[in-house]
Structure formats: C-alpha cells, structure tokens
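The values are calculated or read from the model by the stated rules, or taken from the named source; none is laboratory data. Predicted, not measured: the structure shown is a model, and the values here were computed from it. Every residue, glycine among them, receives a Cβ derived from its backbone with ideal geometry; neighbour counts consider all protein chains shown. Ligands, DNA and RNA are stripped out before the accessible areas are found, and what is left, the full protein with its side chains, is counted by its heavy atoms. Shrake-Rupley method; radii C 1.70, N 1.55, O 1.52, S 1.80 Å.
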Amino acid sequence: MDKAIPYGTQDITQQDIDAVIAVLHSKFLTQGPLVKEFEEKFAAYVGSSYAVAVTNGTAALHLSAMALGVNADSKVITTPITFSASANCIRYCGGEVVFADIDPETALLDINNVRAILEEHPKGTFSGIIPVDFAGYPVDMAAFRALADEHGLWILEDSCHAPGAYFTDKNNTKHFCGDGSLADLAIFSFHPVKHIATGEGGMITTNSEAQYKKLLKYRSHGMVYQGNSDLIENHGGWYMEMQELGYNYRLSDINAALGVSQLSRAQLGLQRRHEIAKRYDTAFAGTAIKTIPVKENVYHGLHLYIIQVENRKGLYDYLRANNIFAQVHYVPVHLMPYYQSLGSKKGDMPVAEKYYDHCLSIPMYPTLTDDEQVYVIEKILNFYN
C-alpha cells in the first residue's frame, strides 16, 4: 500500500475548519467565550460538575498536583506504563514519585501492588495515587477509592486516553472516566492523536467547587480579577491581584472552537473504534498474537489497540517497510535516565518490563478504512506465518 498508515491520527473536517475560521473573524483569539463553552460541554460529556480547560495534558497534571497540595514532603504512587508526564507532575511540585507494577492482564496499575506498598509503610507516608486509564481501559476507580480512603489519600485520574469510556460497579452504576464520582481530580489531553483534537490542549474535571476555583486561579498567573468576590482589595475597575504563584496555562478560543466541533462527534468516533477493535479481536483469536482482554463491565475508550508479540522489533521494522507505522506505548517511566538517576533501576517493575518487551500499538483511529485494516491484519499475520 502506497499510503502510509499511522498508529493514530487526527480527523479534521470542514466543520472543524469553519469553526476555527469563525473565531479568526471574532473579537476573541485567546481565552474567550468558546473556552467556557468547551468546558461546559466537556463536563456534560464526561458527567463532571466542573471542567477547566488548559494548554495541554501536562499542564492539567501540573495544576492538579498543585491543587492537591503536592510539595517536597509528598510521596505519590503511579504506574510506569504511561507517558512520563503522569509522574513528572509530582516532580514539578518537588514531590517523590513511587512506581508500582502493572496488572499483567490489563497493563493498568496493579491495585494489589499499590496496596502492598502502602501496607509496607506507616499510614501518612503517602499523599496520593495517580492511576492511568491506559490505552482507554478504565481503571476500577471504585476499588482504588476504597483503598485511598483507607489510607487517607487523594486520587488524580489520568484519563487522557479515555474520554467517553466507563466501567460499571457492583451496584450497576456507570462511572465515566473523569466524571468526578470517585477521583478527586481527573485530566484529559487533546493532542492530535487523541479522541478529541485541539492541536494542543487539556482539561481538568472535578466535582469539587473549591478545587475548581483553585484551578481557575492557578491557570492564569494566580490572578483574581474584577467581579470575583475573593478580591482582598479593590482599587477600581482596572484592579486585579496576584494571590498565589500561578502559570499562564490558558487555552485559546481557537483551540476551544476546534474542541467544541470535535466533541460533537466524539461518540461516533468511539463507536468506530469499537468496530475496528472487534475486527482485530476476530483476526488475532487463536494465534500467538496476544491482545488485552476487556472485562464485561468495562466500556473501553480504545485510544490504542495493543498487541503483545514475540520478536516485537522484527515486526515493527517489517510493518514500517510496508508503510504501517506502529508505535510502542510505553518505555517504562522508571527506566528513563532521569528516574534512574533518582534511584529506579531495571528489575524494579518486572511485569511492566516484560510488557514493554512485547507490546506494539497498531493502527487505531476512526478514519482507518476497512481496506487499510485488512492490509494491516494481513501483514501482521504474514510476518508470523
């Protein structure tokens, strides 16, 4: 096939283009009314009370760590199988990252491993947990909430891969990723390969009004503006005051316009992802190619479709030679040179390291055509046959 097939890509329609052009003709290019519209519509989509739009998913993690009070005395547990930003946000605030291994079936943070770490230390040693809805697979946040409450911890849910995904608990209640029902804060990314693309962008969701107000302040230099009852003084209509140290993490109306447009068809994109996954599942059933099984109570977000194989490097190179650009998600964060300099080492996370040696993300995005998928499947099977 002459056309390159990536592991993921954005889908930009004429509706998206028109939405952005309309902003360019408007009075607002930076943060304006479309940011607020995007926040409200996204909160409604995931089921949270509040949403705060920011410049990217990393900024969302950083501000969330700040809002949760992470400092030099904080120790926070997270997974090594994620993008490094899930851990880095703790380091930005001076805290210590403690990695826990993954579940071999789901590649999600292993709650039993987290529990063992907590029980090895006196209560009060740890501040929080950052579970990741990796590849779009929802973490069992009900179980993590119970564990966190037992040890007095907060939860920051990294839902970058999973807008629209959910799990159903033992009471038959649906919990959408980032809906605020179980995690204190949750974050999302709108990088081009994600479900909703804004170029760059992120979102923080919560059901806490107090956290919402903090986040609004932190994303805009720590400033409080006219019309806010929290002003300590008021010298006149021009007056604003910096009450805390914040950052310029504001999203623009240009990005938000694209986000609103993309959000309007997000559910259709999820449905298409499930069609593609079902075809892969059928094709690889009964072969040596291992896929990640999905529990019956889970609606997977399917940001990624991951297979685990022998001779991963050989398959990766073979696919590239045939214009299929698969990817690896992820190099374990604890093996990054920076974290090794802080004391992590190979062998610390044996399940994550074994997973890394075999994992490969193959094409998964709504505009992948049936013919392209057939070609991908044929090439993968041919390599092993």
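A full extension of the chain between A288 and Q271 corresponds to an added length of 3.4 nm, given 0.36 nm per residue minus the alpha carbon distance.
In the structure shown, do any of K290/K354; K27/K213; K3/K379; K290/K379 have a Cα-Cα gap over 18 Å, and if so which?
On the way: K290/K354 13 Å; K27/K213 26 Å; K3/K379 15 Å; K290/K379 16 Å.
Listed pairs above 18 Å: K27/K213.
Using DSSP, restrict attention to beta bridges with both residues in the chain and report what percent are antiparallel, rounded to the nearest 5.
Values: 26 of 41 bridges.
Just about 65 percent of them are antiparallel.
Relative to the current alpha-carbon distance between A116 and L24, full extension at 0.36 nm per residue lengthens the span by 27.8 nm.
Show me the chymotrypsin sites (Phe, Trp or Tyr not before Pro) within the range 145-225 that DSSP assigns to loop and that have at most 13 other Cβ atoms within 10 Å of their Cβ.
Details: sites: W154, Y166, F167, F176, F188, F190, Y212, Y218, Y225; in loops: F190, Y225.
Answer by residue number: Y225.
Only lysines eight or more places from K75 in sequence, or on another chain, were considered; those with a Cα closer than 23 Å are K123, K214, K345, K346. Sorted from longest to shortest, the spans of the Cα atoms of the range 36-143 along the three principal axes equal 46, 34, 23 Å.
Principal axis analysis of the Cα atoms in the range 5-96 yields extents of 48, 37, 25 Å, listed in decreasing size. One Cα centroid belongs to the range 280-306, the other to the range 159-182; the line between them spans 19 Å. Using the Kirkwood radius over C-alpha pairs as Rh, can you work out the diffusion coefficient of the range 293-385 via Stokes-Einstein at 37 °C, viscosity 0.692 mPa s, in µm² per second? Answer, rounded: 217 µm²/s.
The range 69-115 and the range 1-65 have their alpha-carbon centroids 27 Å apart. Taken along the Cα-to-beta-carbon direction at a fixed 7 Å, the label points for V328 and E96 span 3.0 nm.
Nonpolar atom fraction for the chain, defined as the carbon and sulfur part of the 1.4 Å probe accessible area, stands at 52 percent. Here the range 155-236 is treated as an ellipsoid with the same Cα gyration tensor; its semi-axes, largest first and in whole Å, are 31, 18, 8.
Could you tell me the center-to-center distance, by alpha carbons, between the range 321-346 and the range 197-272 in angstrom? One Cα centre to the other: 32 Å. Computed extension gain for E105 through D73, at 0.36 nm per residue and net of the alpha carbon distance, reaches 8.2 nm.
Structural descriptor for the chain: relative contact order 23 percent, calculated from alpha carbon pairs under 8 angstrom and at least 6 residues apart. Which aspartates and glutamates, on any chain, are close to K295 with Cα under 16 Å apart, when same-chain ones fewer than 8 places away are left out? Reachable aspartates and glutamates: D103, E105, D110, D133, D140, D169, D281.
Compute the accessible area per residue over the chain, keeping the other protein chains in place, probe 1.4 Å, unit Å². Walk me through the intermediate numbers first.
Numbers: 16850 Å² over 385 residues.
Per residue, the chain has an accessible area of 44 Å².
Mind checking the range 280-375 for GluC sites (Glu not before Pro) that DSSP puts in a loop (not H, G, I, E or B) and that have at most 12 other Cβ atoms within 10 Å?
Numbers: sites: E296, E310, E353, E372; in loops: E296, E310.
Listed in order of number, the matching sites are E296, E310.
Judged by the mean number of other Cβ atoms found within 10 Å, the most tightly packed of the peptides 336-348, 23-35 leads the ranking 23-35, 336-348. The protection proxy used here, the mean number of other Cβ atoms lying within 10 Å of each residue, ranks peptides 258-266, 127-135, 7-15 as follows, highest first: 127-135, 258-266, 7-15.
Placing +1 on the Cβ of every Lys and Arg and -1 on the Cβ of every Asp and Glu, with nothing else charged, gives the range 29-135 a dipole about its Cα centre of roughly 340 debye.
Dividing the radius of gyration of the alpha carbons in the chain by their Kirkwood radius gives 0.98 for Rg/Rh. Taking the Cα centre of the chain as origin and assigning +1 to Lys and Arg Cβ atoms and -1 to Asp and Glu Cβ atoms, the resulting dipole is close to 380 debye.
Between N56, N113, N207, the residue with the greatest mean-square fluctuation in the GNM of the chain (Cα pairs under 10 Å linked by springs) is N113.
For the chain, the longest principal axis of the alpha carbon atoms and the long axis of helix 370-384 meet at an angle near 60°.
Axis of helix 14-24 versus longest Cα principal axis of the chain: the two differ by about 20°, to the nearest ten degrees. The residues packed around R273, meaning those with a beta-carbon under 13 Å from its beta-carbon, carry a net charge of +2 if Lys and Arg are +1 and Asp and Glu are -1.
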